[in-house]
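Notes to accompany the following structure.
Each value in this text was obtained by applying a stated rule to the coordinates, not by laboratory testing. Everything numeric here is computed off the predicted structure, so don't read it as measured data. For neighbour counting, all protein chains shown are included, and Cβ atoms are generated from backbone atoms with ideal geometry for every residue, glycine included.
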Amino acid sequence: MDINSIIILLKTHQNEDNSVICYWDLNDAAIEDDKGNTRELTPKDFSLEALYAPDPKNPLLIRLPGELQFEKGGRESEVYKSKNGYFTIGEILEAVRSFIEKIYNEKYSNSKYIFEDIYFEGISGSFKLFKIKMIIANNGMTNTFYGMEQLLNMMGEDI
């Protein structure tokens, strides 16, 4: 499965103690295959190997390295290691969720904030350090793949 083609909503909640938790909303999650067909993301998909297309215009799928590190907003994550020699979609999603949650807790646990929902679109990069591709969710959008081009530049500010 091409990890570049997943769209899944990341929601954020702030607790009474100002700590922040992030979680995936699977109600509007989808996968697009290499032919442009979309389908719902199912629990079975989480155990699939996450393959990678470094160039979306020429989608040659390759295996991700056994260790990954993410970059978002000038911050780098810890190094995540695959459990079976390859990353599953579920492992990638959990690593992204925990990294974003850590950033939010570092930046926003000093007061109360209102958080925008954001869509995870995949990762980009090469070798070991990958950028997390996300966009701010449009509240009226019911199917995330339609109208996505209109929102591509909305995530200009760092989280």
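What the table below lists for this structure:
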| read-out | value |
| --- | --- |
| Set of lysines with alpha-carbon distance to K128 below 26 Å, sequence-local pairs under 8 removed | K57, K72, K81, K83, K102, K107 |
| Contour minus Cα-Cα distance for K44 and E94 (0.36 nm per residue) | 16.5 nm |
| Taking I100, I135 and counting other C-beta atoms within 10 Å, the order from fewest to most | I135, I100 |
| Per-residue Cβ neighbour rank within 10 angstrom, fewest leading, T42, T12 | T42, T12 |
